[in-house]
Structures are given as structure tokens and as C-alpha cells.
Amino acid sequence: MGSPARTTGIAPRGAFRRHRGRSRRLVGLTVAVVASGLAGCGPLVRMEPPSAQGPRISNLEFVPDRGTVGCPVQIRFRFEASAGDVAQVVAGWVGGRRGSRGAGRSVLAPDEEALRGNASGGIVTPLTFDRAGRYWYNVQVQDRAGRWSNVLSGTIPVDSRSSGEERDCP
């Protein structure tokens with residue numbers, strides 16, 4: 001018959017001590033992986049794969065570079081769509097404060113005149129935030145032939161309003 005440790009399922013004293021170090025390392029590794037995933041929330045927003053012959057976008061910026069809840073911020077970037085007009089601008093985002101983060105995808109509404117018939121130019125479209133926090137944005141365009149551009153990424157911090165602050169935006 002085997003030892004009581006084998007028949008009762010209780011680990012021998014030395015085995016427990018050996019595994020305790022491994023489990024601490026495993027917990028530490030798990031925490032590091034989860035924390036790194038939360039720190040870089042931007043890449044978690046899935047965008048369309050870029051088309052080889054699709055439009056190209058560059059120079060993403062937020063103006064101003066810091067937002068305030070309820071006040072518009074502009075997203076600006078350049079496009080080149082030699083094979084066709086830009087049909088739509090799509091943004092994927094993750095953001096807010098810890099504990100109340102949101103995520104989504106939306107079609108933005110740039111100035112149609114700036115896009116129609118132009119093979120290149122600038123796109124400016126407004127955003128307004130309803131919650132304070134840090135937001136990670138991915139931006140992409142699609143041409144009229146259905147081809148997707150590369151993806152641009154950026155972040156913007158958004159501040160809340162003070163209770164006595166005026167409603168006018170800068």
C-alpha cells in the first residue's frame with residue numbers, strides 16, 4: 001500500500017513548497033499580460049484589413065489635442081485615393097475612465113465637398129465626448145469601390161467640466 005499522502009491526495013510537504021514558487025510566477029505573469037492588454041486599449045478595436053490598391057491616409061491629429069466633455073474636437077488627417085473618391089470615414093474607439101470604459105465603431109461625417117471628386121486632400125470631422133477619460137481612436141477610410149485604407153491610431157485625453165464652468169466651449 002502507498003503512503004498516506006498518495007492515498008488521500010494530500011501533497012507531500014516538499015512538493016507544496018516547490019509548486020508555490022511556480023504558482024506565484026504564474027500569477028505574476030497573468031497580471032502582467034492582463035495589465036499590458038488594458039494599457040494599450042487602442043489595438044483592441046477591430047478595423048477592416050487594408051486593401052492593396054486602397055486609399056492611403058496619414059498625419060492624424062486631434063485639434064485641440066485635449067478635449068472637454070460636451071465640446072467638439074476635430075479629427076484631421078490627409079488622404080490619397082487615386083483609384084476613387086472616399087466614400088466613408090470610419091472610427092473605432094475605446095475610452096472613458098476605469099470602471100466605465102466604452103467601445104464602439106461609428107461612421108464619421110466629414111465635409112462631403114472636400115471628398116467629392118478629389119483624389120487627395122484633407123479630412124476634418126468633429127467629435128464630441130459625453131464622458132471624461134482617455135480615448136484611443138483608430139481611423140480608416142473606404143473608397144467608392146469598397147477598398148479600405150490603412151489604419152491610423154491616436155489618443156486624446158478628455159476632461160470633465162467643473163460644476164461652475166460656463167457651457168461655452170473654447
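The values are calculated or read from the model by the stated rules, or taken from the named source; none is laboratory data. Bear in mind that the values here come from a model prediction, so they are computed numbers and not experimental data. Neighbour counts are summed over all protein chains in view; Cβ atoms, including those assigned to glycine, are modelled from backbone coordinates with ideal geometry.
What's the total number of residues in region 24-76 that are among the β-branched types (V, I, T) and at pLDDT below 50? Quick ask: steps written out before the conclusion?
Looking only at region 24-76, we keep the residues that are among the β-branched types (V, I, T), and these are 27, 30-31, 33-34, 45, 57, 63, 68-69, 73, 75.
If we keep only those that are at pLDDT below 50 as well, we get 27, 30-31, 33-34.
The number of residues fulfilling the criteria is 5.
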Condition first: within 18 Å of P50 (Cβ to Cβ), at pLDDT 90 or above, in contact with a strand residue (DSSP E or B) (Cβ under 6 Å, 6 or more places away or on another chain) and assigned to a loop (DSSP other than H, G, I, E, B). Now tell me which residues in region 98-149 satisfy that. S149
So, A109, is that one of a type in the set (A, V, I, L, M) and surrounded by 14 or more Cβ atoms within 10 Å (Cβ to Cβ) or not? no
Pair list, Cβ under 6 Å, 6 or more apart: region 109-131 residue more than 23 Å from V158 (Cβ to Cβ), other residue part of a strand (DSSP E or B) and modelled with pLDDT under 90: A114/G121; L115/V86
Members of region 54-85 that are surrounded by 14 or more Cβ atoms within 10 Å (Cβ to Cβ), outside any strand (DSSP E or B) and without any contact (Cβ under 8 Å) to a residue 60 or more places away in the chain: D85
